[in-house]
Each structure stands twice: as C-alpha cells, then as structure tokens.
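Down below is the structure, laid out as structure tokens.
The values are calculated or read from the model by the stated rules, or taken from the named source; none is laboratory data. Just so it is clear, the model here is predicted, and its values are computed rather than measured. Note: ideal-geometry Cβ built from the backbone for every residue, glycine included; neighbour counts use all protein chains shown.
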C-alpha cells in the first residue's frame with residue numbers, strides 16, 4: 001500500500017464517477033451455493049441489497065492476437081450486492097469478483113485509489129479464504145469519468161480544451177474507441193469516449209472509460225494493480241489537456 005500511496009496524483013474535483021477493480025479466476029468455482037455462503041457469512045451485513053445482471057464474458061487478454069471471450073455456464077446471472085449508501089457494490093459470477101466504488105449523489109467525495117484497493121483486496125481475501133486453491137488468471141481496473149462541457153448544449157462544439165489528441169474545431173458528437181498494448185504488465189488498455197446524457201435530468205456530459213486488463217503470473221495482485229493504475233493515470237493525463245487539469249485542480253504528491 002505504501003507504493004500505491006506514494007505514486008498517486010490527485011485532483012481536487014476529479015470528474016471520476018466510478019472505479020472498478022476486478023479479478024477473474026481460472027475455474028468458475030463461484031457456484032450459487034458458494035455465493036450464498038459468502039453473502040451469509042461476509043457480505044450481507046455491509047452489502048444487504050441483492051440485484052442481478054447478465055454475466056460478463058470470461059476474458060483472456062492477448063497482446064498479439066484477438067482477446068479470447070467465452071461465457072461461464074454455472075448460472076446465468078451476475079449477483080450484485082449493494083451497500084446502504086448505494087456507493088459501493090460487490091459483483092460475483094462463477095469466475096469473477098469485482099468491487100465498485102461509485103458516486104451515488106452530487107457532492108460525493110472520491111475516497112482515492114488506495115482506499116478502494118484496500119477494500120477490494122480485503123474482500124478478495126475473504127473469497128480466497130474459502131477457496132485457497134483457486135488461481136487468478138486476469139486482473140482489471142476501470143475508471144469511468146463524466147466530464148461536463150460548457151458548449152455541449154449548442155449544435156456544434158470544440159473538445160480540444162479537454163482532449164489533447166482531438167483537434168477538430170467543430171463537432172456535433174463523439175463515439176470513439178481504441179486500445180493500446182501495455183507489454184510491461186502483459187495487458188491491454190482500452191479507451192472509450194462518447195457524448196451522453198444523464199438518465200434523470202438529461203444533463204449532457206462526455207463519458208470517458210479507461211480500462212486496463214491482463215495478468216503477469218510472477219506479479220502479486222498488488223504489484224500488478226500498482227503498475228496498471230500508473231499506466232491508466234499516465235495515459236489519462238496524456239490524453240487530457242493542462243487546461244482541463246487546472247479545472248479539476250491537479251495535485252502532484
């Protein structure tokens with residue numbers, strides 16, 4: 001944890017609305033019975049609300065080939081356990097564990113990476129406590145940012161004040177996706193940028209999602225997370241402008 005804290009770059013008012021940390025296992029051992037045991041013994045007191053979603057495909061990242069996707073078949077739902085404040089949740093499916101921090105209301109303060117990682121690791125350790133022989137074969141980090149733009153409501157607008165690589169002077173919307181290899185951590189970094197509106201108020205914003213996913217057998221979970229997080233932070237700082245950094249109040253420590 002010392003290395004994570006030492007490498008952090010903070011913003012006073014970050015546009016971050018969600019951070020997801022995840023682990024995927026070699027075997028789909030999280031059967032309904034195991035999930036129920038975890039909820040009863042560990043997660044239920046803090047994450048009492050249960051929801052269901054479609055399962056997320058099993059993913060094996062390849063740097064020189066297409067990513068391998070498949071669907072685990074033990075049960076056809078991903079279980080979500082949500083806390084009372086609606087700003088943390090645990091996701092379980094046969095081969096995956098994910099932990100989310102999310103902004104549930106305006107003014108929520110981001111607890112920063114080291115705090116989110118600590119909660120993720122504590123809960124991952126609980127899972128591995130009841131299945132000590134299970135092995136991890138992929139790790140991931142996803143940041144989701146909602147960036148407001150002052151000219152978004154007019155017919156055409158300029159994104160060059162936010163993104164350093166976008167030089168188009170006048171556009172009506174954006175839907176951009178790309179990926180970048182991260183060979184040092186045997187991972188791929190994915191970027192999505194699109195224009196969007198909030199569900200209730202229909203408030204316009206720029207949706208930005210950055211994900212790093214992969215695995216190095218010789219690295220600990222913490223070591224991979226530290227390096228992947230640095231890759232994502234460095235990448236985000238590179239693709240966004242100094243003008244945007246000043247708006248969000250960058251703090252270098």
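For the reader, a short list of remarks on this structure follows.
- Check on residue 108, under 12 Å from residue 18 (Cβ atoms) and either surrounded by fewer than 17 Cβ atoms within 10 Å (Cβ to Cβ) or not assigned by TED's automatic domain parsing to the domain that holds residue 30 (or both): yes
- Among (1) farther than 28 Å from residue 61 by Cα; (2) part of a helix (DSSP H, G or I) - the single one residue 150 does not satisfy: (2)
- The residue that is farthest from residue 150 (Cα to Cα), counting only those in segment 166-218 that are in a loop (DSSP other than H, G, I, E, B) and either in contact with a helix residue (DSSP H, G or I) (Cβ under 8 Å, 6 or more places away or on another chain) or outside the structural domain of residue 243 (by TED's automatic domain parsing) (or both), is 216.
- Some residue of segment 109-127 being modelled with pLDDT of 95 or more, under 18 Å from residue 78 (Cβ atoms) and in a strand (DSSP E or B): no
- Remark: residue 51 falls outside the filter, which requires a residue to be in contact (Cβ under 8 Å) with a residue 60 or more places away in the chain and farther than 23 Å from residue 186 by Cα.
- Conditions (1) in contact (Cβ under 8 Å) with a residue 12 or more places away in the chain; (2) in contact with a strand residue (DSSP E or B) (Cβ under 9 Å, 6 or more places away or on another chain); (3) surrounded by fewer than 18 Cβ atoms within 10 Å (Cβ to Cβ); number of the one not met by residue 68: (1)
- Per the conditions (1) without any contact (Cβ under 8 Å) to a residue 24 or more places away in the chain; (2) within 22 Å of the chain's Cα centre (by Cα); (3) closer than 15 Å to residue 149 by Cβ, the sole criterion not satisfied by residue 162 is (1).
Table: residues versus (1) more than 19 Å from the chain's Cα centre (by Cα); (2) surrounded by 13 or more Cβ atoms within 10 Å (Cβ to Cβ); (3) modelled with pLDDT of 90 or more.
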site: 17; (1), (2), (3): no, yes, yes
site: 22; (1), (2), (3): no, yes, yes
site: 26; (1), (2), (3): yes, no, yes
site: 31; (1), (2), (3): yes, no, no
site: 35; (1), (2), (3): yes, yes, yes
site: 75; (1), (2), (3): yes, yes, no
site: 99; (1), (2), (3): no, yes, yes
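- For residue 251, the criteria (1) surrounded by fewer than 16 Cβ atoms within 10 Å (Cβ to Cβ); (2) within 26 Å of residue 119 (Cα to Cα); (3) without any contact (Cβ under 8 Å) to a residue 60 or more places away in the chain hold in every case but one, which is (3).
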